[in-house]
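The values are calculated or read from the model by the stated rules, or taken from the named source; none is laboratory data. Only a predicted model underlies this, so the values are computations on that prediction, with no experimental measurement involved. Methodologically, a virtual Cβ is constructed for each residue, glycine included, from the backbone with ideal geometry; neighbour enumeration extends over all protein chains shown.
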Amino acid sequence: MEYEVAAPKIGELIENISKLLPKDAEAVKDDFKDNLKILLNDYLKKINVVTREEFDTQSAVLLKTRKKLDEIEKKLKSK
C-alpha cells in the first residue's frame, strides 16, 4: 500500500518545516523536502495508517455486516 504525501495536511507540514531552513539554501531545501517525504511515507507504513478511502470502505462493510448480524439475531430470538 503506497501512501502519497501529497495529502494536503502532510504537504502543508512539509512546506512549514522547509520554511524553517535558511532562505539561501534552496538546493538544501529541495533535498530536505524529498528526504522528508520519504521519511514520512516510511513512518506512515510502519504505524499501519490507512487512507481515508480504505477506512470509509471498511466502515461501510462493517455497517453492512452489523445489519445482517442484527437481522439474524432477531430471527433466532423469534424462533
Can you find even one residue in segment 4-20 that is modelled with pLDDT of 75 or more, part of a loop (DSSP other than H, G, I, E, B) and over 18 Å from the mean Cα position of the chain (by Cα)?
yes
Just to be sure, is K23 of a type in the set (K, R) and at pLDDT 75 or above?
no
Quick check on segment 45-52. Is at least one of its residues exposed (fewer than 10 other Cβ atoms within 10 Å of the Cβ) and β-branched (V, I, T)?
yes
For segment 31-79, how many residues are in contact (Cβ under 8 Å) with a residue 24 or more places away in the chain, assigned to a helix (DSSP H, G or I) and within 17 Å of P8 (Cα to Cα)?
4
